[in-house]
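Notes follow once the structure below has been shown.
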Amino acid sequence: MKLWWHKLNNWEYWPVYIVYLPTFFLWVTYMIKFRSFRFYNLVNPKIKNGGFYGDGKMEVYKLFPQKLYPKTLLISHIKTNNFEKLLKENQLAFPIIVKPDVGCRGVSVDKLYSLDALQTYHSTINEAYLIQENIELPNEIGLFYCRLPNQPKGQITGITNKRFLTVTGNGKDSLEQLLRLNPRFELQIPKLKNKIDLSEVLSNNEQRCLVPFGNHNRGTQFLDGKDLITEKLELYFDSVLSKIEGFYFGRLDIRFNTFEELEQGLNFSIIELNGVKSEPTHIYDPKYSFLLGQQEIFKHQKMISKIVEMNAVKSNLI
């Protein structure tokens, strides 16, 4: 009952179809306006379906210089692989990250520590997936970027500061007991039971990050990081993103060391880039009301409309 009430009382846990129901009706007006059910293709013309659905992560990674994203291999789930040889040839070592090439919201993302674990993952997944270098950087943000096609410069319209699922020991309680102290963490117990020993007792003040992924449905807390938007940060990422032909709208998930280094374009890695389907995830900060969250969603959806209109004119479609 406690967890049920927690999810009901915090709209960040509501089903996506409820959160985005108002957007559905807005999109109906866009379909009428642009006389197309697939108007979103014009948002990011170089990405399949504009990044709304069906776009592969590997396809998107290739838009960037390789130094900006982790070393990544695309694996067919229907082929038998000599993974030991494959990893050695590509200078990849455990632990590694695995995730579906086409997917979202952290589904089927995992951190693997052995060949046996990789073989098991390969045998159970039924779609193409990525093997990726594990980026050992302590911080993660989601950075939302938009640029109008008639403008040389874009802007950062939101930053999500991600707080990983981390517990602090007291020398008495088990990991499971510590997790049950926080409803956000307690929701993750069923997913964690088969991965870690929840009976372990941490020493006093010992901290342990239990889920190293910045996904909301894996227990990460999303906080509004608009105070992190600086002119220096915006200039750097605009210099990178404005050079990508046909990209105007999306959110980058970025692992980094320190914010000062990130502003200078140092010690960071782009973990993922999402296009049209990108959410301004800072809205899931607990301080945001549902109404305020909808205002932020609509602000970004209206940017989609402007981009589509400009690209349609440029392509002589309207």
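The values are calculated or read from the model by the stated rules, or taken from the named source; none is laboratory data. Note that the structure is a prediction, hence the values are computed from the model and not measured. Every residue, glycine among them, receives a Cβ derived from its backbone with ideal geometry; neighbour counts consider all protein chains shown.
Give the number of residues within region 239-271 that are touching a Lys or Arg at 6+ places or on another chain (Cβ under 7 Å) and either farther than 19 Å from His282 by Cβ or assigned to a strand (DSSP E or B) (or both).
Total meeting the criteria: 8.
Is it the case, given these coordinates, that Phe185 is in a helix (DSSP H, G or I) and not polar (S, T, N, Q)?
Yes: the conditions hold for Phe185.
Could you grab the pairs with beta carbons closer than 6 Å, sequence gap of 6+ or different chains, first residue in region 290-318 and outside the structural domain of Tyr145 (by TED's automatic domain parsing), second one part of a helix (DSSP H, G or I) and modelled with pLDDT under 95?
Going by the 6 Å Cβ cut-off, there are no qualifying pairs.
Among the residues of region 142-175, write down those that are surrounded by fewer than 16 Cβ atoms within 10 Å (Cβ to Cβ) and either more than 24 Å from the chain's Cα centre (by Cα) or of a type in the set (Asp, Glu) (or both).
Scanning region 142-175 gives Asn150, Gln151, Pro152, Thr168, Asn170, Gly171, Lys172, Asp173, Ser174.
Can you confirm whether Lys62 is within 27 Å of Leu148 (Cα to Cα), outside the structural domain of Ser289 (by TED's automatic domain parsing) and charged (D, E, K, R)?
yes
Would you please list the contacts, defined by Cβ atoms under 6 Å and residues six or more apart or on different chains, that run from a residue in region 25-38 that is closer than 16 Å to Phe298 by Cα to a residue that is modelled with pLDDT of 95 or more and part of a helix (DSSP H, G or I)?
From region 25-38, the pairs are Leu26/Gln301; Tyr30/Phe39; Tyr30/Ser305.
Looking at region 135-153, can you tell me whether even one residue there is touching a strand residue (DSSP E or B) at 6+ places or on another chain (Cβ under 8 Å), within 26 Å of Glu245 (Cβ to Cβ), among the charged types (D, E, K, R) and modelled with pLDDT of 95 or more?
yes
Among the candidates Glu260, Glu234, which residue alone is in contact (Cβ under 8 Å) with a residue 24 or more places away in the chain, surrounded by fewer than 20 Cβ atoms within 10 Å (Cβ to Cβ) and within 30 Å of Met303 (Cα to Cα)?
Criteria check complete, one pass: Glu234.
Among the strands (runs of 3 or more DSSP E) contained in region 42-141, which hold 1 or more residues that are buried (at least 19 other Cβ atoms within 10 Å of the Cβ) and of a type in the set (Phe, Trp, Tyr)?
Because the criterion is at least 1 residues that are buried (at least 19 other Cβ atoms within 10 Å of the Cβ) and of a type in the set (Phe, Trp, Tyr), the strands (runs of 3 or more DSSP E) in region 42-141 that meet it are 129-133.
Can you tell me which residue is nearest to Glu272 (Cα to Cα) among those in region 198-215 that are assigned to a strand (DSSP E or B) and in contact with a Lys or Arg (Cβ under 8 Å, 6 or more places away or on another chain)?
Here the answer is Val211.
Can you tell me which residue among Gly158, Gly214, Gly171 is touching a residue at least 24 places away in the same chain (Cβ under 8 Å), small (Gly, Ala, Ser) and more than 23 Å from Asp285 (Cβ to Cβ)?
Checking each option against the conditions leaves just Gly171.
Identify all residues within region 259-318 that are touching a His at 6+ places or on another chain (Cβ under 9 Å) and of a type in the set (D, E, K, R); write none if there are none.
Glu279, Glu296
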